[in-house]
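K.L.:
Supplied in structure tokens, the structure appears directly below.
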Amino acid sequence: MIKVLFVCLGNICRSPMAEYVFKDMVRKESLEEKFYIDSAATSTEEIGNPVHYGTRSKLEQMKIECGNHKARQITKKDYETFDYIIAMEEQNIRNLKRILGEDSQNKIVKLLDFSDYPRDIADPWYTGNFDKTYQDICEGLEGFLEYLKKIMENL
């Protein structure tokens, strides 16, 4: 089973969007039994809060369920548990290394590093542009899923 953790600052906008879009993509490919997918925050600011209304609205528009998600902060145990820790931006990576220590197993990567145009995914909490965030997340997830499918073929 491939264990994937998506991470952003508060775990109410970008990382839950990535979590639920990726769950939907994996389900549509009939691969759900091969994955464990979750999300977390680097900060404590939003712990226990639900998905941001902008993210929830965008996911509903795309007919993707986000359930009863509650924000949580990443832990050192998550580093041991997950195979991939996927950050939304460079600042998330700096925060992850502060929380988790050195990335000795090279598990931490930015989502859009799996795209043709690696870059940060802007935080819609500040930009208000959940459509752009969704597009960027989908771009990264498509590349990430293709990358994982190639790995699964070689197992």
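K.L.:
For PHE6, what residues show an amide H to amide H distance below 5 Å, using hydrogens built from the backbone and excluding near sequence neighbours?
P.N.:
ASP38, SER39, ALA40, ILE86
K.L.:
Using the alpha-carbon centroid of each, what span in Å lies between the stretch 123-155 and the stretch 29-44?
P.N.:
For the stretch 123-155 versus the stretch 29-44, the Cα centre distance is 13 Å.
K.L.:
Cut-off 14 Å, label point 7 angstrom out along Cα-to-Cβ of ASP120: give me the residues of the stretch 76-94 whose amide nitrogen falls inside.
P.N.:
Within reach of a label on ASP120: 87-94.
K.L.:
Only one of the values [x] 14.3, 42; [y] 14.5, 45; [z] 16.5, 51 was calculated from this structure for Rg and Dmax of the Cα atoms in Å; name its label.
P.N.:
Given [x] 14.3, 42; [y] 14.5, 45; [z] 16.5, 51, the structure-derived one carries the label [x].
K.L.:
So if each residue of separation counts as 0.36 nm, and I subtract the Cα-Cα distance between TYR36 and LYS76, what length gain in nm does that give?
P.N.:
Details: separation 40, 0.36 × 40 = 14.40 nm, distance 1.76 nm.
In short, 12.6 nm is gained.
K.L.:
Set the Förster distance to 30 Å, then compute FRET efficiency between GLN135 and GLU102 from the Cβ-Cβ distance, nearest 0.05.
P.N.:
After rounding, the FRET efficiency stands at 0.35.
K.L.:
Something else about it: Take the Cα of GLN61, step 7 Å along the line toward its Cβ, and report every residue of the stretch 1-28 whose backbone nitrogen sits under 16 Å from that point.
P.N.:
13-14, 17-18, 21
K.L.:
Report, by chain and number, residues whose modeled amide H sits under 5 Å from the one on PHE35, excluding near sequence neighbours (fewer than 5 apart, same chain).
P.N.:
ILE2
All of the numbers you see were taken from the coordinates with simple rules; none came from a lab. Only a predicted model underlies this, so the values are computations on that prediction, with no experimental measurement involved. Backbone-built Cβ (ideal geometry, glycine too); neighbour counts: all protein chains shown.
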